[in-house]
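Down below is the structure, laid out as structure tokens.
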Amino acid sequence: MIKILYILKKEFLLIIRDIHAITVLFIMPAVFIMIMSLAMRDLFELHGAVSIDVLAVNQDAGKKSEAFLKAMDALRTFRFHLIEKEAAADKVADKIKEQMLARDYKFALIIKENFSAFVEKNGKGKDEKPLELLVNPAVNVQTQLVLKSALDGKLAKLTWDAFIDRMGSLLPLAGIDREKMTAAEESLVEVHYVYKEGRYSKIPSAVQQSVPAWLVFSMFFIVIPISNTFISEREQGTLMRLKSMNVSRFCLIMGKMAPYLLINAIQVIIMIAMGVYIVPLCGGTALTLGDSMGGLILIAASVSFSAISMALLIASAARTTEQATTVGGVLNLIFGALGGIMVPKFVMPGFMQDLANMSPMSWGLEGFLDIFLRNGNVSDVLPKSLYLFIFGVVMLTLTVILLRRRGEI
Amino acid sequence: MIEINHLYKSYDKPVLKDVSLSVRRGSILGLLGPNGAGKTTLISILTGVIRKESGCITVDGLDLDRELKAIQLKCSYVPQALAFYRLLTAFENLEYFGALWGLKGKKLKERMEFCIDIGSMQRFAKKRVDKFSGGMKRRLNLAIGLLNDPEILYLDEPTVGVDTQSRNYILETIRKINRERKTTIIYTSHYMDEIEQVSDDIAIIDEGKIILHGDKQAILTRDDAVNNFGHRTLEKLFLKLTDVRLRDEG
Ligand SMILES: Nc1ncnc2c1ncn2[C@@H]1O[C@H](COP(=O)(O)OP(=O)(O)OP(=O)(O)O)[C@@H](O)[C@H]1O
Ligand SMILES: [Mg+2]
């Protein structure tokens, strides 16, 4: 037992003093998480809240336009930038057009004087169109349609609610529940995002994707310190010394695994902390962790086990450190590119998603996403953990066979 | 007492061919041989690092095949390479290897202090090893081998690449350990003068065979050990026995 502690201490000191290992294990993923979380924030948020900027002027003589703008804001799809109301009604169009071009807006909305009258079907201009939309012709039709139907929808709801209000006193007499007649505020359409793995109501935000992705990626880079120490132990005769000292095979393998399991665990903690605390400080959204600590530990431990086993195999098969780090690095890049680390899996075409399933990094990443994003628990990550575990056992077995054949353990 | 009988080992080609040798308890055996003679291979087999193919080896009556563990506990092997961690300090290296020997607490401290003393490393024990000079590294390599206070010490070319002062220091240390602890020492080298200086017995190995083995005095007084100037040296004998051809030319 004491032995293991000293072995841990030794490996830790070796890693702490190995600047390459520190860079690859801790600095690289931290930097990637920061950059990707911030750089891709808006890209990912297309699925959450798109922000379309609309210049607007409110000429409404009544009060209904305020409720309308509030309802539009609640959609969180548009940002209205109101300009000052124009006293001379005939100058409104010119003024907003001028501003729209000067400030490079794609849309400008004029809420006309008769807006409240139209909604309440009462007063001057109650039958005239209450909204005018100015559109930059460069805007694509889809975006324009999104805005137009949102405006139509909210206007219709407002008009209907006003109608119900006017009928208010009559409804109970007719035995109709007024509550049930008002139109729902929320959308009645339930949206699910579907990709090969299943059907989710959430798509990762930039930070939700980046943290687990680069975490898994960097955990596999444990191959760098493992090869550095293992191969130099072999080259420099330290392994001979250890063997002559009657250090058991179990101790040798555990002495290689245990310290790196801990290093991986520290990576997990640091990268999650990055997502939760540091990214929001810099203007990104915060990472949410889900609520299954057990699931998180299980998937993290499985990723760690498979990464270390693969690293041990590479370190045993390679003759020089350069060979090991090159092979390990390239293999990791391929696993990463394939496994949805660099390009999120949900944007991949179907056949690439199938291919992604061949990468152990993808199993790990999906496991973390199960926990962070889909509120999964132990049983949700169990299959992925099992894959990773089997992968690790295969790698480890090959390592032991190889080392025994070479008489090194 | 180490007894080696008809030891055989091959890699791609035979490396040790029918080696028989015995080492007296408490003596220093100088194992002399040109490059590729099989010195490291022989020591690696004796320390359980690699396996022999055939032959019989006993150490203090214990059979190497059946009681390797017990044998390993009383031995220590100082490899030809600098077998420690470059990124650790001398102190941390000693602590690590000491712990692997199963030492702990006060006992570990004591042994570490002893080794730091004997390697004369007090001043740089807390410095990282990659900053050490060649001589310091060799002394550390040796010191690590003394952590378990071995009964039998295998030293594979312990003075390669060091200056005269460090070499002398190392040789004296070896004699001192032998004298004070009654440690049996097997010492390989290509340097004749070293072997002459430290060993009680000498064995010469060439191309996997022991071509000469005996008491140092007896060997040095042989007629064919006299050089052109009338001095008796091992070098003359060595060249004569192994002939002058370069060995790593195949
Ligand atoms: N792992 C191995 N695989 C194949 N051949 C080996 C291996 N180890 C040693 N040899 C060969 O065995 C022979 C003896 O090697 P060994 O290292 O025992 O010689 P040595 O006497 O220690 O030489 P040196 O003085 O150079 O250290 C050499 O020809 C070497 O090439
Ligand atoms: Mg050798």
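Here, each number is a calculation from the coordinates, and none is a lab measurement. This is a predicted model, so every value here is computed, not measured. Here the Cβ positions follow ideal geometry from the backbone for every residue, glycine too, while neighbour counts run over all protein chains shown.
Computed from the C-beta positions of B:Asp130 and A:Ala258 and an R0 of 30 Å, the FRET efficiency is 0.75 to the nearest 0.05. Per residue, the average separation of C-alpha pairs within less than 8 Å and at least 6 apart gives chain A a relative contact order of 18 percent. Within the listed set A:Val216, A:Val57, A:Val191, the residue fluctuating most in the Gaussian network model of chain A (springs between alpha-carbon atoms under 10 angstrom) is A:Val191.
Structure remark: mean-square fluctuation, Gaussian network model of chain B, C-alpha springs under 10 Å; the largest value among B:Asn148, B:Asn35, B:Asn93 belongs to B:Asn35.
DSSP beta bridges fully contained in segment A:50-166 are about 30 percent antiparallel.
For a straight C-alpha distance cut-off of 30 angstrom, the lysines reachable from A:Lys384 (same-chain residues fewer than eight places away being disregarded) are A:Lys196, A:Lys202, A:Lys256, A:Lys345. Note on chain B: GNM, Cα springs under 10 Å; of B:Glu53, B:Glu113, B:Glu95, the largest mean-square fluctuation is that of B:Glu53.
Would you mind ranking A:Leu289, A:Leu296 so that the residue whose beta carbon has the fewest other beta carbons within 10 Å leads the list?
A:Leu289, A:Leu296
Each pair of Cα atoms in chain B enters the Kirkwood radius, and Stokes-Einstein at 4 °C and 1.567 mPa s then converts it into a translational diffusion coefficient of 69 µm²/s.
Round to the nearest 0.05 the FRET efficiency obtained for B:Lys176 and A:Val394 when R0 = 35 Å and r is the Cβ-Cβ distance.
Details: r = 52 Å, r/R0 = 1.50.
It comes to 0.10.
For segment A:80-102, the residues whose amide N sits under 16 Å from a probe point set 7 Å from the Cα of A:Thr143 along the beta carbon direction are A:80-81, A:100-102. Amide H contacts of B:Ile28 (H built 1.01 Å from N, in plane; Pro and chain starts excluded): B:Ile185, B:Asp200, B:Asp201 sit under 5 Å, all sequence-distant by 5 or more or on other chains. When the P(r) of segment A:50-166 is calculated, the portion above 18 Å amounts to 49% of the C-alpha pairs.
Ranking B:Gly145, B:Met112, B:Leu155 by how far each Cα lies toward the positive end of the dipole of segment B:2-242 (charges on Cβ) leaves B:Met112 at the top.
The simple Förster model, with R0 at 45 Å and r as the Cβ-Cβ distance, assigns A:Val347 and A:Arg17 a FRET efficiency of 0.65.
Compared with the dominant Cα axis of chain A, that is its longest principal axis, helix A:321-338 is turned about 30°. Ignoring aspartates and glutamates fewer than eight residues from A:Lys95 along the same chain, the ones with Cα atoms less than 16 angstrom from its Cα are A:Glu84, A:Glu86, A:Asp104, A:Glu113, A:Glu132. In straight-distance terms, cross-link reach from B:Lys131 covers every one of the lysines whose alpha-carbon lies under 25 Å from its own, apart from those fewer than eight places away in the same chain; here that gives A:Lys9, A:Lys10, B:Lys109.
Set the bar at 23 Å for Cα to Cα. Now go through A:Lys154/A:Lys180; A:Lys121/A:Lys157; A:Lys97/A:Lys126 and name every pair that lies beyond it. Mind showing how you got there, number by number?
Details: A:Lys154/A:Lys180 18 Å; A:Lys121/A:Lys157 14 Å; A:Lys97/A:Lys126 25 Å.
Distance filter (> 23 Å) returns A:Lys97/A:Lys126.
So how far, in whole Å, is the C-alpha centre of segment A:1-25 from the one of segment B:1-76? Here the answer is 35 Å between Cα centres. By the count of neighbouring beta-carbon atoms within 10 Å, fewest first, B:Thr58, A:Thr397 end up ordered A:Thr397, B:Thr58.
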